[in-house]
Amino acid sequence: MKHIIGAKPPSHGTGATSAAAARLVEVDEDSAGQRLDNFLLRQLKGVPKTHVYRIIRSGEVRINKGRASADTRVQPGDLVRVPPVRISDKVAEKAERPAPARAFPVLLEDEHLIALDKPAGVAVHGGSGVSFGVIEQLRQGRPQAQFLELVHRLDRETSGILLVAKKRSALTHLQDQFRERETGKTYLALVTGVWPANKKVIDLPLHKYLQADGERRVRVTTPDDPDGMRSITLVKLRGTVAARAAQGLPAMSLLEVTIKTGRTHQIRVHLASQGHSIVGDDKYGDFDLNKRLHKLGMKRMFLHAWRLQFNHPATGERVAVNAELPAELSAFLPQPERA
């Protein structure tokens, strides 16, 4: 059996209408400027992207009765023809099993945005083998919210501040700030060894590549690498942790790390390239040390999105949000070094 998504409900009066009739959706202010493909993905929940692109290419989707491409920007008042889309039982079953609702700690919220404190181990969105993430769970927990979209991303293993927009105007304004490097993003990281206090800037290009198993990785490369992306990381030594010989732990350093560029795995690779990998990093870290840490109860990477500064999308006021270290990280530090 095939299921139909996006169809009008059947009429129960005389001359019943086909259940598979298309519907017209009027674009509201919150959707202004959104790409047509993304607009449809919200209208046709559970429908694979490939299906959405196919109905756009075929001309079944129309804006104000005219054909449109996937990258067409919809505007308030536009009438979008949304055809019914047939999907398999398997896809329909997945669509009917939404992400479990979850409330995340809120650091700041108003009518334009939410600043959440994301726990480690939770993806920010579904995909790549993950059924759901923060944004899907947040939408389920706030069914009355008309618009909730991620402004930026954090690695699954990283905890800390995550911004979510509640209006499209806020989303575009905030994303522009991230793109133009107008935000201030500072992380707390615990690394192996004693970080030299005079080492304050890492300006090394990064190159993304895939391993044989398809896993994404990043490495430092040379300035003449055509695929290298310039990456700048600022480092401030906050304090050191003495070696704990009885536990087999080396000396460590707690760093405040501010990124001026937002490359994939930038902090992790930059710090590791200096011989000071992040404690608990399962991709670029000291694997033998990680095993010892795991036995001592330290079962995650010590990287936390601690402070975020940005201009408020409505008022223009400079906003600073802080997320203190979660308990499992602060408990690992000697008392004087806790953040």
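Kindly give Rg over Rh for the stretch 167-238, based on alpha-carbon atoms, with the Kirkwood expression for the hydrodynamic radius.
Details: Rg = 16.3 Å, Rh = 15.4 Å.
Using Cα coordinates only, the ratio equals 1.06.
Largest first, the residues 310, 178 sort by 1.4 Å accessible area into 178, 310.
So if I average 1/r over every pair of distinct C-alpha atoms in the stretch 200-274 and take the inverse, what Kirkwood radius in Å does that give? The partial results should precede the final answer.
On the way: mean 1/r = 0.0717 Å⁻¹.
Hydrodynamic radius (Kirkwood, Cα pairs) of the stretch 200-274 is 14.0 Å.
With Cα atoms defining each centre, the stretch 140-209 and the stretch 280-318 are spaced 11 Å apart in the structure. In the chain, helices alone account for a calculated mean residue ellipticity at 222 nm of -5000 deg cm²/dmol, with every DSSP H run of four or more residues adding -39,500 (n - 2.57).
Inter-part distance, the stretch 24-60 to the stretch 220-251, computed on C-alpha centroids, equals 43 Å. What's the magnitude of the charge dipole for the chain around its Cα centre, counting Lys and Arg as +1 and Asp and Glu as -1 at the beta-carbon? Answer in Debye, nearest 20. Using only the charged Cβ atoms, the result is roughly 620 debye.
Taking label positions 7 Å along the Cα-Cβ direction at both residue 106 and residue 144, the computed distance is 1.1 nm, reported to one decimal.
Accessible area per residue for the stretch 152-247 in Å², computed with a 1.4 Å probe and the full protein assembly in place, what is it?
Using a 1.4 Å probe on heavy atoms only, each residue of the stretch 152-247 averages 54 Å².
Determine by what factor the alpha-carbon radius of gyration of the chain differs from 2.2 N^0.38 Å, reporting the quotient. Before the final figure, lay out each step's value.
Values: Rg = 23.6 Å, N = 339, 2.2 N^0.38 = 20.1 Å.
Rg over 2.2 N^0.38 Å, computed on Cα atoms: 1.17.
Only protein atoms count toward the accessible area here, which uses a 1.4 Å probe; on the chain, the carbon and sulfur part of that area reaches 49 percent. Of the two radii for the stretch 100-176, the radius of gyration is 0.93 times the Kirkwood radius, both from the alpha carbons; that is the Rg over Rh value. Which longest run of the chain has no exposed loop site in it, a site being GluC sites (Glu not before Pro) in a DSSP loop with at most 15 other beta carbons within 10 Å, and the site itself not part of the run? Answer - 216-316.
In the elastic network of the chain, a GNM with C-alpha springs shorter than 10 Å, the most mobile of 144, 177, 309 is 144.
Each Lys and Arg adds +1 at its Cβ and each Asp and Glu adds -1 at its Cβ; summed about the Cα centre, the stretch 254-320 shows a dipole of about 140 debye. Computed from the Cα positions only, the extents of the stretch 240-339 along the three principal axes stand at 54, 29, 20 Å, in decreasing order. Given a 1.4 Å probe and the protein chains as shown, residue 58 ends up with an accessible area of around 60 Å². The C-alpha atoms of the stretch 127-222 occupy a region whose extents along the principal axes are 50, 36, 25 Å, arranged from largest to smallest. For the stretch 168-308, the dipole from Cβ point charges (+1 on Lys and Arg, -1 on Asp and Glu) about the Cα centre works out to 460 debye, to the nearest 20. Cross-link pairs exceeding 27 Å between alpha carbons, from the set 166/299; 49/167; 199/291: 166/299; 199/291.
The values are calculated or read from the model by the stated rules, or taken from the named source; none is laboratory data. Just so we're clear, the structure is a prediction, and the values are computed from it rather than from any experiment. Note that each Cβ is placed from the backbone with ideal geometry, even for glycine, and that neighbours are counted across all protein chains shown. Accessible surface areas use protein heavy atoms only, side chains included; no ligands, DNA or RNA. Shrake-Rupley method; radii C 1.70, N 1.55, O 1.52, S 1.80 Å.
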